[in-house]
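A.B. asks: Questions regarding the structure given below will be posed in turn.
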Amino acid sequence: MKTVYVDVMIFTNIFEDFLLLCAVKYILRIKTKYYRLVLGSLAGGIMSVLSLINLNFIISVLLKILSALLLILIAFGFKDKKLFIKSSSTLIVITFLVNGAIICFYIALKPNGMLIINDSVYFDISPLLLIILTLVVYIILFLYKKLFKNHAKTNLVKDVEIKLNNSAFIIKCKVDSGLNAKEPFSGSSVIIVEKSVFNESVNEKNLRVIPFKSLGGEGIIYGFKAENVIIDRKTINEEIYIGMYEGKFNNEIKGLLPESIGE
């Protein structure tokens, strides 16, 4: 029987859970802080020790589901019931697929230094090496985002659907990397849209004053909270305000979109 080191198992699962939570974040476009993803993966790593206990199948499955719910709660919080269920289900499905692929790989090749313990994966690798690998992956992702992603977004145009008072307004917005507009009380992101788009659909009693700064200048505009925002057919699961611009943008562009929305 091969010796299993608890510290190695914890670090291995921290690494795996962090990658899985990152996958959920990008698939569902949930906005959260990276330190929350780290805290969630730490909790998952600690709970992985439970796999060393021989439990019956039903209890084992229930523990895995509860573990996924806890990880989602820590990593993304509880914004609403629908998003919580969707993100939890996504994590469970991704975990099942990844672990299934790893188990198939193990059965086929049986590589040295790898074990399957009650459906949990164990790699015989030093915690120091795992930390170094984690840092390398993080640095690569950070450099990719800074060097390529922001540059690609500069001239990017997206289809944006804004829902208000049972009406849907579909426009094209240009991603503005210099746009820095936040609703002052909630700190929510703001999309700048031509006022003419909404006609008379906006109740002026619900408007708020929003300061903004973009590549084109800065100033103050009036805005309102959108009921729902869909960007390129993907629902944005965060509170968004719409700032109404009195002037006109160029050509078919009807708004400016901060690059942070949906990340």
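Each value in this text was obtained by applying a stated rule to the coordinates, not by laboratory testing. Every value quoted in this text rests on a predicted model; they were computed, and no experiment measured them. A quick note on method: Cβ atoms are made from the backbone with ideal geometry, for glycine too, and the neighbour counts reach across all protein chains shown.
A.B. asks: Quick one: if the Förster radius is 35 Å, what FRET efficiency do Y35 and V61 give, using the C-beta to C-beta distance and rounding to 0.05? List each step's numbers first, then the result.
C.D. replies: Working: r = 30 Å, r/R0 = 0.86.
The formula returns an efficiency of 0.70 here.
A.B. asks: Between V209 and K163, 0.36 nm times their residue separation minus their Cα-Cα distance comes to what?
C.D. replies: Working: separation 46, 0.36 × 46 = 16.56 nm, distance 2.02 nm.
Fully extending the segment from V209 to K163 adds 14.5 nm.
A.B. asks: Under the definition of Cα pairs under 8 Å and six or more residues apart, what whole-number percent is the relative contact order of the stretch 153-263? Let's see the in-between values first.
C.D. replies: Working: 238 pairs, mean separation 40.3, N = 111.
Rounded, it is 36 percent for the stretch 153-263.
A.B. asks: Enumerate the aspartates and glutamates that K81 could reach by cross-link, defined here as Cα to Cα under 20 Å, with residues fewer than 8 away along the same chain left out.
C.D. replies: Correct list for K81: E227, E238, E239.
A.B. asks: So what does the Cα-only Debye profile of the stretch 157-258 read at q = 0.13, 0.17, 0.23, 0.24 Å⁻¹, as log10 I(q)/I(0), no solvent term?
C.D. replies: Computed log10 I(q)/I(0) values: -0.39, -0.70, -1.41, -1.57.
A.B. asks: Another question, if that's okay. Place a label point 7 angstrom from the Cα of I220 along the Cα-to-Cβ direction, then list the residues of the stretch 228-261 whose backbone nitrogen is under 19 Å away.
C.D. replies: Hits in the stretch 228-261 for I220 at 19 Å: 242-247.
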